[in-house]
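The values are calculated or read from the model by the stated rules, or taken from the named source; none is laboratory data. Only a predicted model underlies this, so the values are computations on that prediction, with no experimental measurement involved. Reconstructed Cβ throughout: ideal geometry from the backbone, glycine too, with neighbour counts over all protein chains shown. SASA here: full protein model, heavy atoms, side chains in, ligands and nucleic acids out. Shrake-Rupley method; radii C 1.70, N 1.55, O 1.52, S 1.80 Å.
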Amino acid sequence: MELGINTFGDAIFDPQTGKTISHGERLRNLVEEIELADKVGLDIFTVGEHHREDYAVTSPDVVLAAAASRTKNIRLSSGVTVLSSDDPVRVYERFSTLDGISGGRAEIMAGRGSFIESFPLFGYDLNDYNELFDEKLDLLLTLQKGGKINWNGNMRASLQNVEIFPKPVQDEIPIWIASGGTPQSAARAAQLGLPLVLAIIGGSPFQFSRVVDFYKQMGIKAGHSEDKLKVATNSHGFVWDTDQEAKDMFFPAISQSMTNIGRERGWGAYSRDNYERMIEPDGALYIGSPETVAAKIIELKKRMGIDRFTLQTPVGTMPHDQVLRTIELFGTKVAPIVREAVKEMEEK
């Protein structure tokens, strides 16, 4: 089971310091965070793409390339690439470049995006939301196979007998499909035999067991082997020395961020009561001491059989030293507990 960190590069007002971090500072801090995640032995670091003031990262591959030269082992992935409003050829070229710089550690997580700012920014019609993703994913998967490309499209120019450079180090750059948990997304990934990433940020993660079962059943029915049908989950979280410290330190940041987003989407303010409920054993937040967070991930593995878990941290802006500390604890304390438990499960 792989363990890692996910981030959006949050850059909003920090309620703990009373300051708003600049995009430049957040980006530099982020490269340092990826470097630390590699040093403490985590498997993967994923970086999200957004085109709005509260997130610093519009180009995950650029950030990951900066980190590639300062890391040795950790896999480097977008989390996600908003494929619907990007060009698959440029996406593949950029990640092939990252693959070369990193020595074969690049991955692509493709999604439709939970925010819509990129569509008008790049001249796309939201009425084509689904059609854009389906067609561009088809092209990206064609490019993944390598060699001479012949491909016909309706929403993008066709390609005839072209070859894409640079060539990646890996035979194929892994492509994961990101989903908020809809049956349609799971079915798409299953039919294509692609690994599935579930963003679980509310409710109970165990509610997604039905999605995982459906995905695997559909994938096997489509003729894919079960070992190809991998599942990852991503959830908000924070690790500190004690449960109470972790809860108290993380709440101001996540409350600020989720309340801001909620205001745009018609949600109510993010309350402490809701936060506390989500920290419970069956809730979607992974917050607490290393032992508490590890136990929650182990239970997720037992009940859903996931192959990868990424902790999204921070949510909202937090002091950089606190973010580094939670990454350190996740790698040096949480990961060994989880890995030992998974090893015991496999031996039974």
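Kindly indicate which of Glu280, Glu226 is within 23 Å of Ser185 (Cβ to Cβ), acidic (Asp, Glu) and exposed (fewer than 14 other Cβ atoms within 10 Å of the Cβ).
Glu226
For every residue, the table says whether it meets (1) outside any strand (DSSP E or B); (2) of a type in the set (A, V, I, L, M).
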residue	(1), (2)
Asp38	yes, no
Val89	yes, yes
Ile101	yes, yes
Glu107	no, no
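Quick check on my filter: what residues within region 205-236 are among the basic types (Lys, Arg) and without any contact (Cβ under 8 Å) to a residue 40 or more places away in the chain?
Passing the criteria: Arg210, Lys216, Lys221, Lys228.
I want to confirm something. Restricting to region 23-60 and keeping residues that are among the polar types (S, T, N, Q) and over 22 Å from Arg325 (Cβ atoms), which single residue is most open to solvent (accessible area, probe 1.4 Å)?
Result: Thr58.
Identify, from the list Phe165, Phe214, the residue that is among the aromatic types (Phe, Trp, Tyr) and either assigned to a helix (DSSP H, G or I) or modelled with pLDDT under 95 (or both).
After applying the criteria, what remains is Phe214.
Name the single residue, out of those in region 109-133 being in a helix (DSSP H, G or I) and of a type in the set (A, V, I, L, M), that is surrounded by the most Cβ atoms within 10 Å (Cβ to Cβ).
Leu132
Listed here are the residues, each with its yes/no results for (1) modelled with pLDDT of 95 or more; (2) part of a helix (DSSP H, G or I); (3) of a type in the set (Gly, Ala, Ser).
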site: Gly237; (1), (2), (3): yes, no, yes
site: Glu245; (1), (2), (3): yes, yes, no
site: Phe251; (1), (2), (3): yes, yes, no
site: Ser255; (1), (2), (3): yes, yes, yes
site: Asn260; (1), (2), (3): no, yes, no
site: Thr292; (1), (2), (3): yes, yes, no
site: Arg303; (1), (2), (3): yes, yes, no
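Would you call Lys19 within 29 Å of Ala335 (Cα to Cα) and open to solvent by 30 Å² or more (accessible area, probe 1.4 Å)?
Taking the combined requirement at face value, the residue does not satisfy it.
Name the residues in region 66-86 that are surrounded by fewer than 21 Cβ atoms within 10 Å (Cβ to Cβ) and aliphatic (A, V, I, L, M), would you?
If the condition is that a residue be surrounded by fewer than 21 Cβ atoms within 10 Å (Cβ to Cβ) and aliphatic (A, V, I, L, M), then Ala66 is the only one that fits.
Just for region 237-253: of the residues that are out of contact with any helix residue (DSSP H, G or I) (no Cβ under 7 Å at 6 or more places or on another chain) and touching a residue at least 24 places away in the same chain (Cβ under 8 Å), which one is farthest from Met278 (Cα to Cα)?
Asp241
When region 1-36 is examined, which residues are found to be farther than 23 Å from Tyr286 by Cα, assigned to a loop (DSSP other than H, G, I, E, B) and in contact with a strand residue (DSSP E or B) (Cβ under 8 Å, 6 or more places away or on another chain)?
Listed by number, the list holds a single entry, Ile21.
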